[in-house]
Amino acid sequence: MIRLLAILGFALLYVPLAVLIIYSFNASQLVSVWGGWSTRWYGELWSNDAVLDAALVSLQVAVLSASIGTIFGTLIGYILSRFGGFRLRMLFTAMTTAPIVMPEVVTGLSLLLLFISMEQLFGWPQGRSVTTIVIAHATFGMAFVAVVIQARLAGFDRSIEEAARDLGARPVRIFMGITLPVIAPALISGWLLAFTLSLDDLVIASFVSGQGSSTLPMVIYSKVRLGVSPDVNALGTLVILVVATGLILGALIMSRAEARRRRSQDRS
Amino acid sequence: MREGWGKRAVIGVPFIWLLIFFLVPFFIVFLVSLGAPQFSVPPYSPAFEWDGWVPRFVGSFDNYVFLTEDDLYWRAYLGSVQIAGGATLMCLLVAWPMAWVIARATPTWRNVLLLAVILPFWTSSLLRIYALMGLLRQGGLINTGLMWLGITDEPIQMMQTDFAVYLTIVFTYLPLMVLPLYSTLEKLDGTLLEAAADLGARGWQTFWTITLPLSLPGILAGCLLVFIPAVGEFVIPDLMGAQDSPMIGNVLWGEFTRNRDWPVAAAVAIAMLALLVVPFMLLRSSPALRGEA
């Protein structure tokens, strides 16, 4: 019984994706008509400059914002789990958790109004562009990275850091030599999380993007709103393919590393 | 507390970033919400005028009064809470058996099933919503199938209904519910269940007295992860919902883009902050909840 319910749950997750993949090979323009197998929509996707440009903008924004978000998020996670009490800690904690629960429309509107006010006062940033999207995405990205880093630091034996300090190592050296290598896996998963969230975001980017800096979700959204567009099926299939390949490769590498670790433990 | 120079610098850098790009914007939103719309760039009147260096308050709280007078806003707000709450509950009901089966599976199957839950989570949510639209629309697969089977003569209207909004929220947020549930169910001590069975407890008795109470932290975490973003959801009601019953996120968006009434949009944002985010932050920091989670 419970297995049947679980299977239904997985079916809910996967049936729409399977239909999307099958219909991406449909030769017919109409969704309800099967016109035979074809790769026509992949060709149209490849020759669609708006989609390709937007994909480049999205990748650029995601890489930049995930990198900034990871650097700042690591600092925040480290501060929150290692620095103990300091002045304004309450405010600091609130500011680092609030972006996660903030409704997207509120974040988007508030950042847009900030950028407009800054432009009036200082003349920067001039209009909305890739820069403003990167700033917006980095800000919520760092909040998520901080959570991942904090979780990793909470499960890590602090006595190694203390031993290094007792032996006279400076804080920067301890961080670089001990803390950073230990949290490296969390750094990677935090970066990937920030990267994915940035690629996924439509609402915030719609508020803070300007002319010529439309992201991929914005272009997809306008296509979807206009009605059926079969090339979106092809795009979806490609995204699923890339994510699946990445996840399976990642899982294989992780299980290999785990097996190696176990073997070396058995030997010692 | 001694605070060294280096430590201050380490705290200072992210602190200043968050101050400028997270906290200050809300003060600006609040100031804008005190103004009135006007034809200018930007399209609102300032809340303060400057007599030389002395600020003089010229704004008003009219926008907030307006929000309470026009029942569009209350209906949208309550409707959003209702839809998000209902969808969260449905999500829990769908996710629980999945998390249970994953937690009880053999290690190999467990990894495969976990990957199967994570994969949609890493895939663009907009593309997944589009995939669901392909099933639900008038000429979509479900209606074509039903008509082919002769169950209905005319396509059933599923898009632009509350049903579509509920279904899409469950579909989109399902991984966020399954993962925390799984992590508590995985830690559940199997011997407790065996003991209950040995003592003659029936399946549902064990469930109500042992499994459910022990998985409460996961249930709570999953529900918050789904409910909070679902209340402010914009894309799902915009693509799937009926035009005459917008959610609060769509109301804000509409005021901002279609009506170009930035002050009212800002007031809606402040109201969402006060009625949604602040209660959550207080709840989070309350010791009662922290002890439970």
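Each reported figure results from applying straightforward, stated rules to the coordinates on display, with no laboratory input. Values in this document were obtained by computation on a predicted structure and should not be read as measured data. Note that each Cβ is placed from the backbone with ideal geometry, even for glycine, and that neighbours are counted across all protein chains shown.
Okay, here's what the table says:
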{"quantity": "Given (1) without any contact (Cβ under 8 Å) to a residue 40 or more places away in the chain; (2) in contact with a Ser or Thr (Cβ under 7 Å, 6 or more places away or on another chain), number of the condition B:Asp238 does not satisfy", "calculated": "(2)"}
{"quantity": "Qualifying position, being surrounded by fewer than 17 Cβ atoms within 10 Å (Cβ to Cβ), under 17 Å from the mean Cα position of the chain (by Cα) and free of Cβ contacts under 8 Å to residues at least 24 places away in the same chain, among A:Leu88, A:Leu56", "calculated": "A:Leu56"}
{"quantity": "First in segment B:259-273 and facing chain A (nearest Cβ under 9 Å), second anywhere and among the polar types (S, T, N, Q) and part of a helix (DSSP H, G or I), Cβ under 8 Å, 6 or more apart", "calculated": "B:Ala266/B:Ser33; B:Ala266/B:Asn63; B:Ala269/A:Ser110; B:Ala269/B:Ser33; B:Ile270/B:Ser33"}
{"quantity": "Candidate set: segment B:173-208, residues that are away from chain A (no Cβ under 13 Å), surrounded by 13 or more Cβ atoms within 10 Å (Cβ to Cβ) and of a type outside the set (A, V, I, L, M, F, W, C); chosen: the one farthest from B:Leu119 (Cα to Cα)", "calculated": "B:Gln205"}
{"quantity": "Extreme residue, farthest from A:Leu20 (Cα to Cα), among residues of segment A:226-247 that are surrounded by fewer than 17 Cβ atoms within 10 Å (Cβ to Cβ) and more than 7 Å from chain B (Cβ to nearest Cβ)", "calculated": "A:Gly246"}
{"quantity": "Candidates A:Ala164, A:Ala151, A:Ala205, A:Ala136 - the one that is touching a residue at least 60 places away in the same chain (Cβ under 8 Å), more than 9 Å from every other protein chain (Cβ to nearest Cβ) and among the aliphatic types (A, V, I, L, M)", "calculated": "A:Ala205"}
{"quantity": "Residue list for segment B:148-172, filter: within 11 Å of chain A (Cβ to nearest Cβ) and either touching a Lys or Arg at 6+ places or on another chain (Cβ under 7 Å) or surrounded by 15 or more Cβ atoms within 10 Å (Cβ to Cβ) (or both)", "calculated": "B:Pro155, B:Leu167, B:Thr168, B:Val170, B:Phe171, B:Thr172"}
{"quantity": "Among (1) facing another protein chain (nearest Cβ under 9 Å); (2) of a type in the set (Ser, Thr, Tyr); (3) under 27 Å from the mean Cα position of the chain (by Cα), the one test that A:Ser67 misses", "calculated": "(1)"}
{"quantity": "Top-ranked residue of segment B:1-50 - restricted to ones that are within 7 Å of another protein chain (Cβ to nearest Cβ), outside any helix (DSSP H, G or I) and free of Cβ contacts under 8 Å to residues at least 60 places away in the same chain, ranked as farthest from A:Leu112 (Cα to Cα)", "calculated": "B:Met1"}
{"quantity": "Selection count, segment A:94-132, where residues are in contact (Cβ under 8 Å) with a residue 60 or more places away in the chain and either surrounded by fewer than 24 Cβ atoms within 10 Å (Cβ to Cβ) or more than 7 Å from chain B (Cβ to nearest Cβ) (or both)", "calculated": "10"}
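Results for (1) more than 10 Å from every other protein chain (Cβ to nearest Cβ); (2) small (Gly, Ala, Ser); (3) within 28 Å of A:Leu241 (Cβ to Cβ); (4) touching a Pro at 6+ places or on another chain (Cβ under 6 Å), shown as yes or no for each residue.
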| position | (1), (2), (3), (4) |
| --- | --- |
| B:Met98 | no, no, yes, no |
| B:Ala103 | yes, yes, no, no |
| B:Arg110 | yes, no, yes, no |
| B:Ala116 | no, yes, yes, no |
| B:Ile129 | no, no, yes, no |
